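Enquirer: Encoded as structure tokens, here's the structure I'll be asking about.
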Amino acid sequence: MKEERIAQSKITRRNQITLPKKVIDKLGKLREGEYILFYEDNNRIWIKKGELVETQR
């Protein structure tokens, strides 16, 4: 898989970031209250727009 950096963001003092417009555009329309999910695969972190699903224990 070829890597392509599309944007960057700087971490704030409180360990927060702002999603760059290019990332928001690629994820599709994002609205307040929606979730961004973080996944790990082979030492890479990727993000996806999604919903939290409650799991039963």
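Enquirer: Scan segment 27-46 and give yes if some residue there is in a loop (DSSP other than H, G, I, E, B), among the hydrophobic types (A, V, I, L, M, F, W, C), out of contact with any Asp or Glu (no Cβ under 6 Å at 6 or more places or on another chain) and surrounded by fewer than 10 Cβ atoms within 10 Å (Cβ to Cβ), otherwise no.
Expert: Taking segment 27-46 as the starting set, the residues that turn out to be in a loop (DSSP other than H, G, I, E, B) are 28-34, 42-43.
Adding the requirement that they be among the hydrophobic types (A, V, I, L, M, F, W, C) leaves 30.
Okay, now just the ones that are also out of contact with any Asp or Glu (no Cβ under 6 Å at 6 or more places or on another chain), so 30.
From what is left, the residues that are surrounded by fewer than 10 Cβ atoms within 10 Å (Cβ to Cβ) are none.
Scanning segment 27-46, I find no residue that is in a loop (DSSP other than H, G, I, E, B), among the hydrophobic types (A, V, I, L, M, F, W, C), out of contact with any Asp or Glu (no Cβ under 6 Å at 6 or more places or on another chain) and surrounded by fewer than 10 Cβ atoms within 10 Å (Cβ to Cβ), so the answer is no.
Enquirer: Sort through Gln8, Gln56 and tell me the only one that's modelled with pLDDT of 90 or more and out of contact with any Asp or Glu (no Cβ under 6 Å at 6 or more places or on another chain).
Expert: Numbers: Gln56 fails: modelled with pLDDT of 90 or more.
It is Gln8.
Enquirer: Just checking, which of Thr18, Thr12 is of a type in the set (Ser, Thr, Tyr) and under 12 Å from the mean Cα position of the chain (by Cα)? Talk me through it step by step, then tell me what you get.
Expert: On the way: Thr12 fails: under 12 Å from the mean Cα position of the chain (by Cα).
Being of a type in the set (Ser, Thr, Tyr) and under 12 Å from the mean Cα position of the chain (by Cα) holds for just one of Thr18, Thr12, which is Thr18.
Enquirer: Counting only residues that are surrounded by 10 or more Cβ atoms within 10 Å (Cβ to Cβ) and either in contact with a Lys or Arg (Cβ under 6 Å, 6 or more places away or on another chain) or part of a loop (DSSP other than H, G, I, E, B) (or both), how many does segment 12-26 have?
Expert: Step one: list which residues in segment 12-26 are surrounded by 10 or more Cβ atoms within 10 Å (Cβ to Cβ), which gives 17-20, 22-26.
This time we only want the ones that are either in contact with a Lys or Arg (Cβ under 6 Å, 6 or more places away or on another chain) or part of a loop (DSSP other than H, G, I, E, B) (or both), so: 17-20.
Count: 4.
The values are calculated or read from the model by the stated rules, or taken from the named source; none is laboratory data. A quick note: this is a predicted structure, and the numbers were derived from the prediction, not measured. Counting neighbours? That spans all protein chains shown, and the Cβs are built from the backbone with ideal geometry, glycine included.
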